[in-house]
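The values are calculated or read from the model by the stated rules, or taken from the named source; none is laboratory data. Note that the coordinates shown come from a computational prediction; the quantities given were computed from them, not determined experimentally. Please note: Cβ atoms are built from the backbone with ideal geometry, for glycine as well, and neighbour counts cover all protein chains shown. Note: areas computed on protein heavy atoms with side chains; ligands, DNA, RNA excluded. Shrake-Rupley method; radii C 1.70, N 1.55, O 1.52, S 1.80 Å.
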Amino acid sequence: MDVNGLITKVTWRVEILSAVHSQSNSMGVNGQITKVTWRIENFSSIKGKKLYSENFTVDGNKWRLLIHTKRIYVDHSSFFCVVADSATMPWGWRAYAQIGLAVINQFDRKTSITKVGMAEFKANRLSLDLSSLLALRESQNPKRGYLVNDVCLLEAYVSTDRTEGLISHEFMIKTDSDRHKTDEADSPTHPSEQSVLSQAFEPADPTEEDMITFFTSLESELSNSNIVFSQEEAKKALATLEEALDRTPAHFYGSREFSSLKQAFKILASFDCSSTTLTVEQKKELLAMLESLKELADRAAKAMQDKNCLAEKESFKLTTTHKLDRNLIRYKEVESEVAVLHVQVEEAQKKRENMLAEGKEIFKSSRKMKMELEALEKHWAEYEVKAKVAEEEENIVEAEWGRIKDFISSIKGKI
């Protein structure tokens, strides 16, 4: 809540779009696209730097949207699509997705800001960053149409179909364009004038109980009023129902379109013409069909979820089987490597024992020589004295020897 006591409010809608036509050629593709509409009121009162949407499911995986409103050092609002239950994803999990994100211009849908991306999400890559969609100064300027009366309208399109170009800027802009005008854009009044009118005529902020009571009473009043519908209105109502029935039941799961369908059934049930008057039973059956459509939409969505669940389990089974095959191959490789290492260890052990034996012999001989040197050191001075005396004795002997030799030489001539 901000200083003015405003509370951020969100309106959430999930639709399933089917039988989408490719933008690049005239051939149709049966790709299925999940469309999420996220309407944020009192946008400026968002507490914190980011806001997460509710979860929605596409092909068995849970997703959610994330908007950063106040990223540090970045002059853009950022819009992400992320995997919702990332903490439970097993290693090796992956899923392909095409994603389109749009910030809707509430004055002119054609000038809406869009971005499209494709990615293979993995356990270590759990978001697609299509950030920097809109500069902050642009988004905060009510005259630009992206934030009108503090209301921001965001759309996301998610598909696991690999058809290239399934989601594009043109597709997002044109999809149900007539039906996606917001309350702010429907009025031709200028934004500033509309704000003044809202302040003048809008009552105090109603409680949930006030709204339930008001609309329940209004529905009762309208249903009991004897409104006469024209043949043209009846034809339009019939066309609306025919168009709706041409779509898949899952398209209407969680959709707001039931309000228009309910009105169409009411018009047909109330239309009275002499040539086409319906019986009471037929009118009752018409009014009961709306509930049947709701039930069928819920059942179709449940069936789709169950099919997606099976596909998810089959994918997990296939992935796990492949992992087991790889593990078995690697185990056999490890087993062979261990056998080789075992032989190498035995050879190394023998070599070690031989080297230790040789080391012991070297140790013994070295210790013996060291002891002999230590004993020699103890008598070294004595040996030096003996050597000196021996040297002197040798000199004396040599001198005496020379004297004898000289004497013999001197008497040689006399004999």
Self-check item: Which listed residue is in contact (Cβ under 8 Å) with a residue 24 or more places away in the chain, part of a helix (DSSP H, G or I) and touching a helix residue (DSSP H, G or I) at 6+ places or on another chain (Cβ under 8 Å), from A297, A311
Solution: A297
Self-check item: Candidate set: the range 144-166, residues that are part of a loop (DSSP other than H, G, I, E, B) and either among the aromatic types (F, W, Y) or under 27 Å from I46 (Cβ atoms) (or both); chosen: the one least open to solvent (accessible area, probe 1.4 Å)
Solution: G145
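For every residue, the table says whether it meets (1) surrounded by fewer than 10 Cβ atoms within 10 Å (Cβ to Cβ); (2) part of a helix (DSSP H, G or I); (3) among the charged types (D, E, K, R); (4) touching a strand residue (DSSP E or B) at 6+ places or on another chain (Cβ under 7 Å).
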{"site": "L341", "(1), (2), (3), (4)": "no, yes, no, no"}
{"site": "G359", "(1), (2), (3), (4)": "no, yes, no, no"}
{"site": "S366", "(1), (2), (3), (4)": "no, yes, no, no"}
{"site": "E382", "(1), (2), (3), (4)": "yes, yes, yes, no"}
{"site": "K386", "(1), (2), (3), (4)": "no, yes, yes, no"}
{"site": "E400", "(1), (2), (3), (4)": "no, yes, yes, no"}
Exercise. Would you tally the residues in the range 107-141 being under 28 Å from D161 (Cβ atoms) and at pLDDT below 60?
Key: 10
Exercise. Report yes if K307 is surrounded by 12 or more Cβ atoms within 10 Å (Cβ to Cβ) and either within 22 Å of E15 (Cβ to Cβ) or assigned by the TED database to the domain that holds K122 (or both), otherwise no.
Key: yes
